Every structure is written in C-alpha cells, then in structure tokens.
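Read the structure below first, then the notes.
The values are calculated or read from the model by the stated rules, or taken from the named source; none is laboratory data. Treat the numbers as computed from the prediction; the structure is a model and nothing was measured. Using ideal geometry, Cβ is built from the backbone for each residue, glycine included, and neighbour counts are taken over all protein chains shown.
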Amino acid sequence: MRHLSVPSAQTQHWLEFCRTHQWNSKVAGITRLANGHNAIPLNDLAPFADDQVWEGNTHIELEIQPKGPTHWLEHIDEELIKAHQEEWPRSYEIQGDVLIVKIEDTIWQYGEMIADAMLTQLPGIRLVCADLGVHGEFRVRKLHPLASRDGSLETRTRVREHGSLLWVDPSAAYFSSRLSNERIETLATAKRLRERLGRGLVIADPYAGVGPSMGVLIPEPGLITGYLVGDLNPHAAELLSLNMEYFSSRRKGESDTPPEQFQPAELHCKDALEWADEGSNRNQCDLILVNLPHHSIDHLTALLPLLKSNQTSVVRGWAIVERAQIDTSEQAILQAISSAGGKVEHFTFHEVKGFSTTKIYMCFEAWINLYP
Ligand SMILES: C[S@@+](CC[C@H](N)C(=O)[O-])C[C@H]1O[C@@H](n2cnc3c(N)ncnc32)[C@H](O)[C@@H]1O
C-alpha cells in the first residue's frame, strides 16, 4: 500500500492534512520507520507522489499489517451478536487487573464466552467477574468469577490513582474511581487550609475505605502532619493499613528534609459515630472528610467534636439527597454545625452528579470556627 513518509515530529500535521482531504486509508495504521520517519497510509484519492502538496515528502510502498480487533465483541460469533443485539454489555469497570461487568439474565449462559473474549482483547486483565450488585452495610459488590487468565480467582489487586498505587478488593471493600476528581478538590481545600493556618494539617477520614483520599494528601510535602483514619469494614481497614504504609513510605519532607513522624497516626476499625467518645480523639483535627453519602448529614453531630476549636477548621463531605429537599439538607448541615458551637465562615453545597431520577450526589464544604 502507498504511504506518505514524513519526519516523525510532523506526523500529526500530515495525518490531519490527509484526514481533512480524506486521503488517508483507514485499512492500516501508521507505521514507524527505522529512519526516524513515520508512514501514513494513503488511499486512491491521494494525489501522486510528485504533486506539490506533499512538499517534497516521499511516497513508499509498504505491505500493510491488518488492524486487529478493537472491541471484545469482535471475538464473538456475528450471528450470536445479532441474535442478542441489545443485550450485550456496553460498559464495564476495571480495577487493576480485574474487570467487572454486568451481564443480563438473558445472556447469562454466554458469561464465560464474554469473559474469554474480554481476556483476549484486553491483555492487562487477569480476571473477569460478573457484577451481582451491591450488598450489605458496607456496600460491597458481590462478584461471580467468569474467567481467569492464570487460574487465580483472587480479587485483591492494585490500582493507580493520581500517581499513587492503592490496594483494592472489589469483592471485599468499597472503592470507586468515578469520584477521583473529588479527591483532587479535597487536595485543593487542604492546601488552602494549610495556607490559612500557616502549618501542616491533622486530617480525619473516618470513612476512608481503602484510603484513596489519603493517597492524594500524604504525598504533598508538608501538607499532613497527622491523621486519624479508619473504616468499620475490617477488610477495608486491612487494605487501608497496607496503603497508609505505602503512602507514608513514599512521603517526602519540605525542601528535601526528611519528613516528620505523623502525630497522631491512628487507624481505627470502628464505627465513626464512636470516635469522639474517646477523649483523646476530640479537638484533634483541622479537616474532616465525611464520606458516607447516605448518612453523612446525620453523622455530623457525632463527628464535629473531632475538629479543633478556636481556629478555622473544615468539614468536607458528600451526601445523596432528594433533589426536592436540597434546602432542607443544607439547613440540617448548618444546624448540626451551629449546635456544635460552630460559626460558619464559608459554606458551599453543590451538585457533583445525578444519582437517580429524584436524588443527587452533593458535596458540602464548611469552613468553620468552633467555640464549644
Ligand atoms: C462511600 S464509602 C467511601 C470510601 C472512601 N472514602 C472512598 O472514597 O473510596 C463509605 C465507607 O464507609 C464505611 N462505613 C460504613 N459505615 C461506617 C461507620 N459507621 N463508621 C465507619 N465507617 C463506615 C464503609 O465500609 C465504606 O468503606
């Protein structure tokens, strides 16, 4: 097939040029050449090699490598695909080397075939599991293994998020990468609070799950000086402990000085509602994260005593609320703060995403001063 040979730094320019004129062939991809050039496949509409439009770039003949399948469905028999046109999974979630997919009852019998097709298409996947829905008080997914590349059915795996590696186990502890942007916002809030207070922060993350928020906060030099983290789910707490060890080991101090020991450095596997019953946990934190979206607002009263008083402190949380009751929910948050002796300096309550037809997923952030 005829190809246009261009210096590799100009590939994007020439590819766009050919696309604009509809001269590039879709049958083959770009081929890297040994001489620092790339070859763009051309179709029959493209002008001859001696045309001025090529600005002296030469044409070469290359045998084309047919493009492989680009979708797992291409590994499934076409007749079978047609017979169940609307029922094949359209999306899936990947956590590390585990792929999780919802399979309709009507095609359940093809679950293993689907999983094999996915393993063939996606070389980084080791295990494909069917998602049987969320269950239990810790909202953990029930998974059914469909096919494994190496025979192992282990669901514990590692994901990379914002440059940190995290141990996760989708069959044992909650983790979702969908709200990873919120963690970047949490980092921005923490940095603003550090600036306001002029020192590093003590953070409480009592619904930490496997610890993705701490994964963005701890690596920031000088931002965190201590923490109280935990989760009621023992499996989550175990993964959290592994992850905290990893985050802490990679921590750098400010201006290349070794980092100070965290003080406090506590990991609890217990109900967050009971944390403040222990006197040593009270009046300890500058920033508290409240991530139990169905109950965050109800839990606030029990959590606020963890915050330091007579200074600016921040409570940042997430709540699933009725769209028709946003004002009521806002009042409930403000009421909890006021009952704890808090004066609000700044408050935001905004939608993060839709949740259902009547409910939305909101984020609240209150900068407060507690005078208990
Ligand atoms: C929505 S998840 C959030 C996890 C984590 N912050 C994240 O963003 O991935 C809520 C977590 O709270 C834990 N949990 C539920 N009830 C709790 C309670 N009363 N006290 C402490 N943790 C609780 C669950 O096990 C779950 O890991």
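Assorted remarks:
- Residue count, region 27-69 (criterion: out of contact with any strand residue (DSSP E or B) (no Cβ under 9 Å at 6 or more places or on another chain), within 30 Å of LEU122 (Cα to Cα) and free of Cβ contacts under 8 Å to residues at least 40 places away in the same chain): 3
- Within region 49-72, tally of residues that are more than 19 Å from PRO7 (Cα to Cα) and assigned to a loop (DSSP other than H, G, I, E, B): 9
- Region 139-177 - residue that is closer than 23 Å to ILE360 by Cβ and in contact (Cβ under 8 Å) with a residue 60 or more places away in the chain and, of those, farthest from the ligand (Cβ to nearest atom): SER177
- Within region 190-219, being surrounded by fewer than 17 Cβ atoms within 10 Å (Cβ to Cβ) and on the phi < 0 side of the Ramachandran plot holds for LYS191, ARG192, GLU195, ARG196, LEU197, ARG199.
- Residue within region 337-350 that is within 16 Å of the ligand (Cβ to nearest atom), among the hydrophobic types (A, V, I, L, M, F, W, C) and on the phi < 0 side of the Ramachandran plot present: no
- In the set (1) part of a helix (DSSP H, G or I); (2) over 27 Å from SER180 (Cα atoms), the condition left unmet by PRO372 is number (1).
- Taking region 20-56 as the range and being touching a Pro at 6+ places or on another chain (Cβ under 6 Å) and surrounded by fewer than 18 Cβ atoms within 10 Å (Cβ to Cβ) as the test, only VAL53 passes.
- Single condition LEU240 does not satisfy, out of (1) touching a residue at least 24 places away in the same chain (Cβ under 8 Å); (2) farther than 18 Å from HIS268 by Cβ: (2)
- Taken together, the residues in region 206-263 that are more than 20 Å from ALA172 (Cα to Cα), within 13 Å of the ligand (Cβ to nearest atom) and more than 21 Å from the chain's Cα centre (by Cα) amount to 1.
- For SER280, the conditions (1) more than 20 Å from GLY209 (Cβ to Cβ); (2) at pLDDT 95 or above; (3) small (Gly, Ala, Ser) are fulfilled apart from (2).
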